[in-house]
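Enquirer: The structure is given below, and queries will be raised subsequently.
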């Protein structure tokens, strides 16, 4: 068991901040907190007001106001709101507005220099959202991240235990979660030592990635998995462990066998909407996978919520 744990940590250390393919690009480190930032707590009324940003986002998307979309988002949500919003001006469908209700807020139990909170909306489809306070305003960082099983009971009353990254137990386990996902999705033959239970959506994602090249033949397809830069945000789970919110980026490169793609990965209409043109011989496609992952005290990983979105297609 000890040797297995050491193998995992070594493989994770080698992959930390790197792309999934051999010699992938280094992932930038999170930016340090701005000088003079004041730590503060978040109260429920403030969280409820921030949650109302979802209606503003729906309105901005409907008007194709991409500047407003980026103004209201950060982290994974901004990755999905930039070029993806611009593509709606070229015919890509605008996401249908959704009215979320029956919301439970999870407010961190300690002051933060970068305040944030999580919310679980149980209607119409159970989904997590994470909001972050940046540049003097609230922004959506993650969400909706769709619940795929039972939501874990968090270590919460009126406020929720935050797992600090420097905590030697839950903090370390939480900090390693994104890197373990990177190691797992980089490894086609199971040498990383990272494991997910049968039926976990991450196992299905790896199977899909391995099989995708065969679905676009005679085109050639490769992919690279990267971490999305940003702070690790984690809440304590009742009884120990943590619920970690994070995201990964999958970059596909599809090359035509001839002059144009035979089977565009996300469809010819999507290629035209993003690139503004028609036939292409080579495209690069970016997909964002947003996740809420439970890491138990024994290090076991379980995907609690997961959503995928097309962020960009370039020539």
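Since every read-out is calculated from the coordinates, none of them should be taken as a lab result. Model, not experiment: these values are computed from the prediction. Using ideal geometry, Cβ is built from the backbone for each residue, glycine included, and neighbour counts are taken over all protein chains shown.
Enquirer: Can you give the extra length, in nm with one decimal, that the chain gains between residue 253 and residue 220 once fully stretched, where that is 0.36 nm per residue apart less the Cα-Cα distance?
Expert: 11.1 nm
Enquirer: OK, next. How big is the Rg/Rh ratio for the chain, C-alpha atoms only, Rh by Kirkwood, two decimals?
Expert: Reported Rg/Rh (Cα atoms, Kirkwood Rh): 0.97.
Enquirer: Rounded to the nearest Å, what's the spacing between the alpha carbon centres of the stretch 102-127 and the stretch 166-227? Just the number, please.
Expert: The two parts, judged by their Cα centres, are 27 Å apart.
Enquirer: Using a Förster distance of 45 angstrom, determine the FRET efficiency expected from the C-beta separation of residue 90 and residue 134, and round it to 0.05.
Expert: 0.95
Enquirer: Run the numbers for residue 114 and residue 191: contour at 0.36 nm per residue of separation, minus the present Cα-Cα distance, in nm.
Expert: Once the chain is fully extended between residue 114 and residue 191, it gains 24.0 nm.
Enquirer: In nm, to one decimal, how far is the residue 282 label point from the residue 64 one, both placed 7 Å along Cα→Cβ?
Expert: 3.0 nm
Enquirer: Additional query: Averaged over all directions, how much area does the convex hull of the C-alpha atoms of the stretch 237-315 cover when projected, in nm²?
Expert: In nm², the orientation-averaged hull projection of the stretch 237-315 is 6.2.
Enquirer: May I pose another question? Run the numbers for residue 296 and residue 315: contour at 0.36 nm per residue of separation, minus the present Cα-Cα distance, in nm.
Expert: Answer, rounded to one decimal: 2.6 nm.
Enquirer: While we're looking at this one, here's another question. Would you mind getting me the FRET efficiency between residue 103 and residue 169? Use the beta-carbon distance for r and R0 = 30 Å, nearest 0.05.
Expert: My answer for the efficiency is 0.50.
Enquirer: Now a separate question. For the chain, what does -39500 (n - 2.57) per DSSP helix run (n ≥ 4), summed and divided by total residues, give at 222 nm, in deg cm²/dmol to the nearest 500?
Expert: When only DSSP H runs of four or more count, the value is -8500 deg cm²/dmol.
Enquirer: Still on this structure, I have one more. Can you compute the label reach from residue 266? Point 7 Å from Cα along the Cβ direction, backbone N cut-off under 16 Å, restricted to the stretch 66-105.
Expert: 76-96
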